[in-house]
Amino acid sequence: MKFPLLLLALLPGFALAQDWPRYLGPDGSGKVEGKIRTDWKANKPKELWRKDLGKGCTSFAIAGDKAVVMGNKNGTDIVWCLDAETGKELWTHKYPEKLNPKLYDGGPNATPTIDGDVVYTLSRTGNLFCLSMADGKPKWHKHFQSDFGGKAPSWGYSASPIVKGNELYCLPCSKDGGLFALDKRTGEVGWKSGDRTKAGYAAPVFFNYKGREVVAAFHGRNLVVYSVEEKGKPVFDFGWRTSYDINASNPQYHDGMMFLASGYGMGYVVLDVSGPKPKILHKEEDQRMIFQNSILLDGDILGVFGDKNIDAELIRMDMRSGKVRWRESMPGTRGSTLMVGDELVILAETGEIICGVPGKTGWVEHGRVKALSSVSWAPVAFANGKIFARSNKGEAVCLDVK
């Protein structure tokens, strides 16, 4: 007798397969349904494998039994496709690319995007590849600068290319278009936005706004929200100029509001975007996210706030009022986050992985493990009961939390 899938999902120990195919998970929210083991204090997560990837800040994209990530060794970018369970190399794709360290270790920054039988990768200078998931062979290649006239930001292209329907959305930021929509099968330009912008570091974010689909781009000096249906026509924009043009944290939209955050003294702002022009609801310069991601949780903003000279704090804040529900000290000055069901997983920049429940009234920690030995800025990832993390120097680890 065959049980219906829904009934199987209710049985103890049964879990549906859950991929993490792109930056911040399946829909870019940093959240997936499911459960993980939380008895970390008594029984730390089992390490499944550890590997040297080469330097960089790309996170993992995981689909089925394959995990794709990037690193740089000896002036060569390496796209790694690994067995997610064992870390065994399945294939690599390599090409020349300078390490180009600049106040950090250098290497590629953009997390790959898996879409069915292909994966899209992006280098610091703008090498955009569509690779076969079967063997890593290129199906097509474009360059943001030579093909699209783009200009890379100071620390290199970092905004992950994102698939939506039949299009691949990316941010070359050329003189005649900040946002490009490419045919994902060929790499040819479908349309471009037509505006002139400075490149930022945050991936495109899609949402529904006043009944239409839009995409937000957090550029180097402003936020621009574009209409998808009208092929890149700007819907609204808001100037947000950070030192060194570093806007890297993911924007959030909720109930007629937008949340933006940066480092270097900018802090965060929540905008009322329900009217014809954005209006500031509230802001705070000392609550900063230089590149950390935020999570939207029941109308609240949740994430690790901190900056180079401000210690990290896990904060849960009411988005509409700005009221901080609670704050909890965290290691280092920065950290990335994701949620599996009700459980929050944090990768501190110090290499500690922490889990707990970020309730409405406070934080309950379930444990932590020192997983990486050096600075870790790449976003933490999760798929099929496993946590994936890597350091800037290239040390990567996979932990079993089923």
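Any read-out appearing in this document is the output of simple, stated calculations on the displayed coordinates, not a laboratory observation. Note that this is a predicted model, so its numbers are computed, not measured. FYI the Cβ positions are ideal-geometry reconstructions off the backbone, even for glycines, and counts take in every protein chain you see.
In table form, for the structure just shown:
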item	result
Whichever aspartates and glutamates have a C-alpha closer than 17 Å to that of residue 308, once near sequence neighbours (fewer than 8 apart) are set aside	105, 245, 284, 285, 286, 349
Loop-located trypsin sites (Lys or Arg not before Pro) in the range 268-339 whose Cβ has at most 12 other Cβ within 10 Å (DSSP)	308, 323
Top positive-direction residue, dipole computed over the range 311-402 with Cβ charges, set 381, 346, 322	322
For the chain, size of Cβ-based charge dipole, Lys and Arg +1, Asp and Glu -1, in debye	460
The range 207-238: GluC sites (Glu not before Pro) in DSSP loop, at most 14 other beta carbons within 10 Å	229, 230
MRE, 222 nm, helices only [DSSP H, n ≥ 4, -39500 (n - 2.57), over the chain, to nearest 500]	-500 deg cm²/dmol
DSSP-loop trypsin sites (Lys or Arg not before Pro) across the range 94-153, with at most 12 other Cβ within 10 angstrom	102
Least to most buried among 174, 294, 373, 132 (fewest other Cβ within 10 Å first)	373, 132, 174, 294
Centroid-to-centroid separation of the range 17-73 and the range 276-291 [C-alpha atoms, Å]	30
